[in-house]
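The values are calculated or read from the model by the stated rules, or taken from the named source; none is laboratory data. Computed from a prediction, not measured in an experiment: that's the story for all the values here. Cβ placement follows ideal geometry from the backbone for every residue including glycine, while neighbour counts extend to all protein chains displayed. The accessibility values were calculated without ligands, DNA or RNA, using every heavy atom of the protein model including side chains. Shrake-Rupley method; radii C 1.70, N 1.55, O 1.52, S 1.80 Å.
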Amino acid sequence: MLINILFIIALTFPVATASTAFGSINNEQLTINNEQSWGRNLIYALILALGQGLMYYLGGLLGGTFMHLLTKLSKWVVLALCFSIYYRMLINTLKIKKGENLYFVQNKKQIILLSIALGVNTFIAGLMTEFYEPFQNITPYILIGVSFVWSLIEMIVPFSKMKLTFNSLLNLIFAFVILAVGFVGIL
């Protein structure tokens with residue numbers, strides 16, 4: 001149960017790093033002004049969270065069409081998919097530290113595209129629902145809830161270089177959590 005909870009928390013962390021998208025940036029001072037409308041920011045956070053649940057569900061639908069063919073390799077499939085999520089998060093760790101993954105949302109189209117981009121990891125996790133689904137049928141709803149909470153936390157914490165470093169460290173730790181889930185799957 002604990003490994004499932006950690007998996008969900010780790011899987012949804014990229015939403016937290018993207019929640020800086022709701023402010024306006026001053027590139028010279030590397031500061032973000034979050035004095036935008038809180039109502040607008042909450043709607044954007046909800047869209048990002050819904051994207052996580054939807055992408056997981058879509059991954060489950062796609063995985064359900066062919067994963068049954070890989071039943072004999074199920075443990076290795078889980079490890080391979082967890083490794084792919086781990087690798088993506090590891091690459092993002094370097095981008096977070098350098099500030100290269102700072103997103104800025106100025107219209108509805110951008111928030112939807114950001115939601116899809118952030119949902120790639122949950123889509124990959126959804127592919128393995130045939131072999132590993134942390135909380136059965138309610139996993140997409142839990143993903144939405146945890147993603148929304150991550151967004152709220154990150155919107156409240158003021159932006160700084162220290163926040164980038166801390167987010168980078170958390171992303172690295174969560175990448176290892178995802179990989180650990182893959183290794184636990186083979187045991």
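Descriptive notes on the structure:
- So MET89, is it closer than 23 Å to THR165 by Cα and either among the aliphatic types (A, V, I, L, M) or modelled with pLDDT under 90 (or both): yes
- THR122 being at pLDDT 85 or above and not in a helix (DSSP H, G or I): no
- Top-ranked residue of segment 143-162 - restricted to ones that are of a type in the set (S, T, N, Q) and either out of contact with any strand residue (DSSP E or B) (no Cβ under 9 Å at 6 or more places or on another chain) or surrounded by 16 or more Cβ atoms within 10 Å (Cβ to Cβ) (or both), ranked as farthest from TYR56 (Cα to Cα): SER151
- Just one of the listed residues (LYS98, LYS108, LYS72) is surrounded by fewer than 14 Cβ atoms within 10 Å (Cβ to Cβ), modelled with pLDDT under 95 and under 20 Å from ILE144 (Cα atoms), namely LYS108.
- Taking the criterion of being farther than 19 Å from ILE96 by Cβ and open to solvent by less than 20 Å² (accessible area, probe 1.4 Å), the residues of segment 111-139 that qualify are ILE111, ALA125, GLY126, MET128, PRO134, THR139.
- Residue pairs meeting the criteria (Cβ under 7 Å; at least 6 apart or on separate chains; first farther than 13 Å from PRO14 by Cβ and surrounded by 19 or more Cβ atoms within 10 Å (Cβ to Cβ), in segment 163-179; second of a type in the set (A, V, I, L, M) and at pLDDT below 90): LEU164/ILE96
- Cross-chain or 6+ apart pairs with Cβ under 8 Å, segment 138-154 first and in contact (Cβ under 8 Å) with a residue 12 or more places away in the chain, then outside any helix (DSSP H, G or I): THR139/THR129; THR139/GLU133; ILE142/PRO134; ILE142/PHE135
- Residues in segment 110-126 that are farther than 16 Å from TYR141 by Cα and of a type in the set (A, V, I, L, M): ILE111, ILE112, LEU113, LEU114, ILE116, ALA117, LEU118, VAL120, ILE124.
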